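Every read-out reported here was derived from the displayed coordinates using simple, explicitly stated rules and does not represent laboratory data. Every value quoted in this text rests on a predicted model; they were computed, and no experiment measured them. Quick reminder, even Gly has a Cβ in these numbers, built from the backbone with ideal geometry, and neighbours come from all protein chains shown.
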Amino acid sequence: MKLPENFFSEVYDVVRQIPEGKVSTYGMVARLVGFPNHFRLVARALASLPDDHDLPAWRVVNAQGRTAPNWPGQQRMLEAEGVRFRRPGYVHLESACWNPFE
């Protein structure tokens, strides 16, 4: 399956929709753009953002709720939005996961 040229743009459009105080997973973003097996490419799209971006990339975590290991500020940013953690570095997905279909 060939990815569209605008795959990264589609990922960014989905991430912009995640509301404050909620998170999504790389896998959910991949599913929403129509490529459910490309969660790693979603992570790469977010990691390649320039430092001055305005995209709420901190609202995307892995399937277990883990924040990015090389981004210590991600947890602080999520906590500032009211996101709960079940232990350091792991979002409480049951309470914070965004459901775009609600």
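Within the range 1-52, the set of residues being surrounded by 13 or more Cβ atoms within 10 Å (Cβ to Cβ), among the charged types (D, E, K, R) and under 22 Å from Ala96 (Cβ atoms) comprises Asp13, Lys22, Arg31. Within the range 4-26, being of a type in the set (Gly, Ala, Ser) and in contact (Cβ under 8 Å) with a residue 60 or more places away in the chain holds for Gly21, Ser24.
A count restricted to the range 57-102 and to residues that are in contact (Cβ under 8 Å) with a residue 24 or more places away in the chain, more than 20 Å from Phe39 (Cβ to Cβ) and charged (D, E, K, R) stands at 1.
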